[in-house]
Every structure is written in structure tokens, then in C-alpha cells.
Amino acid sequence: MALHDRWVQERKHEHYYKLAKKLNYRSRASFKLMQIDDRFGIFREGDSVVDLGASPGGWLQVAKNRVGDEGKVVGVDLRHIRPLEGVTTIIGDITEDSTMIKLLEAVGGKADVVLSDMAPNIGGSYSTDHARSVELCMYAVDVCDRILKKGGKMVVKVFMGDMMDSLIKELESRFASVKVHSPAASRDTSSEMYIISKGFLALKNVELKDLTEDEKKPEFVSKGGNI
Ligand SMILES: C[S@@+](CC[C@H](N)C(=O)[O-])C[C@H]1O[C@@H](n2cnc3c(N)ncnc32)[C@H](O)[C@@H]1O
């Protein structure tokens with residue numbers, strides 16, 4: 001990375017870090033979700049929201065603020081999430097059926113919005129990190145098939161790479177509109193992008209019991225990372 005790019009990245013990182021501290025947000029990532037919502041209109045008051053990869057809780061804070069007291073927010077993560085008023089949290093791996101069952105119970109019906117800021121542990125080659133990120137996105141898509149209302153919305157983070165096209169095709173088969181976006185609060189040189197999908201078609205309507213052994217995805221290797 002060029003020296004100037006790194007300098008810009010560090011200033012931006014520091015800016016949002018300080019702002020998050022000042023405004024009592026748990027992560028810099030809060031600003032990414034606020035910017036996405038301001039631009040794409042994700043939340044409405046009273047919405048029911050599922051947040052995958054929710055720790056430490058920056059997105060949960062934003063979602064709760066925006067859906068208000070009548071709204072419902074449920075967060076899932078491998079890691080502990082400090083309690084947050086009016087928000088339900090589940091500690092678990094979303095790639096496991098037991099976590100999916102807990103999530104379905106906590107939501108108690110269908111959700112209006114599914115969010116995923118899930119990220120694999122970074123460390124392999126870039127192409128491995130990208131593949132793991134796409135795999136996490138597919139688990140988030142799986143959650144949509146089970147829990148998202150017809151007409152619902154999804155915001156998912158992905159590390160860019162050559163599997164993007166097939167991920168986008170999967171999303172386009174399920175949503176009326178799919179857009180790729182990089183919010184200003186994402187680092188300039190970051191390879192992360194957010195995919196904003198609206199108008200869920202609910203064509204599959206999968207129940208957990210419908211998941212046969214053949215359909216189950218292979219054991220998942222990427223277990224979380226806070227980036
Ligand atoms: C970038 S952080 C999320 C930050 C969060 N959006 C916020 O604003 O505070 C990514 C999270 O994804 C979680 N994660 C990764 N794989 C997961 C999985 N299989 N199930 C649940 N959470 C997972 C990690 O534990 C990590 O906390």
C-alpha cells in the first residue's frame with residue numbers, strides 16, 4: 001500500500017474511532033450502517049431486525065435506535081455481546097442448526113431486515129479469506145430463506161474477489177433489487193463491500209425441518225474475527 005493511502009486510511013480509521021467513542025457507539029462499524037441506512041432506507045420504525053456477527057454491538061445500537069421501542073432487534077455472534085437495553089442476544093455459530101433454532105425462537109415470526117457484518121478470521125491467503133467471507137454470506141442468505149418476510153431487506157458484508165458474481169446471482173434470484181456499495185466509513189483501501197438487497201421474493205420459504213442431510217453445507221472452517 002502506498003504511503004499516502006496508508007496515511008489516509010489511518011486518519012479515517014482514527015476519525016471514526018474517536019467519533020464512536022465520543023458518541024458511545026461500540027464500534028466504528030456503526031457509522032457504516034448509519035451511512036447505508038441514510039442512503040438506502042433500510043429501517044422503519046417497528047421493524048424486526050436480525051443482526052448476524054453482532055459483537056461488540058455497534059450495529060445493534062444503530063438498528064435499535066432506528067426501529068425504536070416498537071421494533072425488535074436480535075443479535076447473534078460467536079463472541080459475547082455486552083447486554084444492550086431492548087435487544088436480545090444469542091451466543092452461537094450461525095452455521096450450526098442449534099443457533100438457527102435459537103434465532104427462530106427469539107424472533108418469534110418473520111423479520112423485516114437481516115443484517116450480516118460477519119467476517120472470517122483473516123490470516124489465510126486473500127483468496128481463502130474471500131472464499132470464507134462468501135461462505136458466511138451464503139449462511140446469511142440461508143437465514144433469509146428461513147426468516148425474512150416477503151418484501152424484506154438484507155445488508156451483507158463481503159470481501160471482494162472472484163466469487164462475487166456467483167454471490168450476486170444468488171441474491172438476484174431472491175431479491176427484486178441488489179446493489180453493491182462501499183460506505184464512506186469503510187476504509188479507502190479496504191476490500192470490504194456491502195451488498196444491499198431489497199424486495200425479498202420469499203420463493204423458497206424454507207423451514208428448518210426441511211434441511212435434509214444432503215442439503216447441509218459442509219462443516220464451516222471460518223470462526224469469526226473482529227476487524
Ligand atoms: C466485524 S465484526 C462485527 C461488528 C459489528 N457489526 C459491530 O458493529 O459491532 C464481525 C463478527 O462476525 C462474527 N462471526 C464470524 N463468523 C461467525 C459465525 N459463524 N457465527 C456468528 N458470528 C460470526 C465474529 O465473531 C465477529 O464478532
Query raised in the report: Which whole DSSP H helices in the chain pass both tests: a Cα extent of 27 Å or more along the axis and a mean Kyte-Doolittle value no lower than -0.5?
Result: 126-147
Query raised in the report: When the helix-only estimate is applied to the chain (DSSP H runs of n ≥ 4, each -39,500 (n - 2.57), divided by the residue count), what is the mean residue ellipticity at 222 nm, nearest 500 deg cm²/dmol?
Result: -12000 deg cm²/dmol
Query raised in the report: Considering only the other residues whose Cβ falls under 12 Å of the Cβ of residue 166, what net charge follows from Lys and Arg at +1 and Asp and Glu at -1?
Result: -4
Query raised in the report: Suppose R0 equals 41 Å; then what is the FRET efficiency for residue 96 and residue 45 from their Cβ-Cβ distance, rounded to the nearest 0.05?
Result: 0.80
Query raised in the report: Just for the chain, what percent of DSSP beta bridges are antiparallel, to the closest 5?
Result: 40
Report task. Would you give the gap between the C-alpha center of the stretch 145-190 and the C-alpha center of the stretch 69-128, rounded to a whole Å? Result -> 17
Query raised in the report: So what does the Cα-only Debye profile of the stretch 90-183 read at q = 0.12 Å⁻¹, as log10 I(q)/I(0), no solvent term?
Result: -0.39
Report summary line: re the chain: pairs of Cα atoms spaced beyond 32 Å account for a percent value of 13
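The numbers here are math on the coordinates, done by the rules we state, and not lab data. Quick caveat: nothing in here was measured; it's all calculated off a predicted structure. Here the Cβ is made from the backbone with ideal geometry for all residues, glycine too, and neighbour counts use every protein chain on show.
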